[in-house]
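Asks: Just dropping this structure here.
The values are calculated or read from the model by the stated rules, or taken from the named source; none is laboratory data. Everything quoted here is computed from the prediction, not taken from an experiment. No Cβ is skipped: glycine too gets one built from the backbone with ideal geometry, and neighbour counts run over all protein chains shown.
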Amino acid sequence: MPSQYQRLIGDYCERHGVEIPPGFARGASRFAIIWTHLTPPKLIARTWFNMADVVYYVEHFMLPELGDTLSQSIRILDFKDCEELAYTGGKRLDRVGTFSVTP
């Protein structure tokens with residue numbers, strides 16, 4: 001049976017035309033990242049339980065590759081608080097908006 005976050009993220013992606021990779025079926029935590037510069041946009045298979053792990057992933061795996069285009073290339077979503085976050089440097093994620101998990 002899918003976890004609460006797996007259902008929420010899966011439903012959100014389906015409604016917004018976001019591709020879900022096969023590895024996502026392993027389960028999910030509250031934070032997810034979507035590649036927005038791809039067509040169609042694509043969910044990263046990995047999800048995270050806490051903000052510090054999201055920041056670590058962004059700084060060590062995404063920032064070196066994307067550099068200045070990072071903010072235009074990804075969306076960081078918190079499916080517990082229904083907030084969109086942005087990496088602002090200095091090991092921080094700031095709230096930039098909200099979103100709905102219901103249709």
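Asks: Which of the residues belonging to region 69-103 are of a type outside the set (A, V, I, L, M) and part of a helix (DSSP H, G or I)?
Replies: Thr69, Ser71, Gln72, Ser73
Asks: How about region 76-103: which of its residues are among the basic types (Lys, Arg) and under 15 Å from Gln6 (Cα atoms)?
Replies: Correct list: Lys80 only.
Asks: While we're looking at this one, here's another question. Kindly list the number of the only condition in (1) surrounded by 12 or more Cβ atoms within 10 Å (Cβ to Cβ); (2) of a type in the set (S, T, N, Q); (3) within 21 Å of Gln4 (Cβ to Cβ) that fails for Ser73.
Replies: The failed condition is (3).
Asks: Right, something else. Residue by residue through region 37-70, note down the ones that are aliphatic (A, V, I, L, M), within 13 Å of the chain's Cα centre (by Cα) and closer than 25 Å to Gln4 by Cβ.
Replies: Leu43, Ile44, Ala45, Met51, Val54, Val55, Val58
Asks: Something else: Restricting to region 1-12, name every residue that is assigned to a helix (DSSP H, G or I) and without any contact (Cβ under 8 Å) to a residue 40 or more places away in the chain.
Replies: Gln4, Gln6, Arg7, Gly10
Asks: Here's a check for you: in region 64-89, which residue that is touching a residue at least 24 places away in the same chain (Cβ under 8 Å) and in contact with a helix residue (DSSP H, G or I) (Cβ under 6 Å, 6 or more places away or on another chain) is farthest from Gly17 (Cα to Cα)?
Replies: Step by step, filter region 64-89, then rank; the result is Tyr87.
Asks: Look through region 13-68, keep the residues that are acidic (Asp, Glu), at pLDDT 95 or above and part of a helix (DSSP H, G or I), and return whichever of them is surrounded by the most Cβ atoms within 10 Å (Cβ to Cβ).
Replies: Asp53
Asks: Look at region 13-53 and say how many of its residues are closer than 15 Å to Asp81 by Cα and in contact (Cβ under 8 Å) with a residue 60 or more places away in the chain.
Replies: Residues meeting the conditions: 0.
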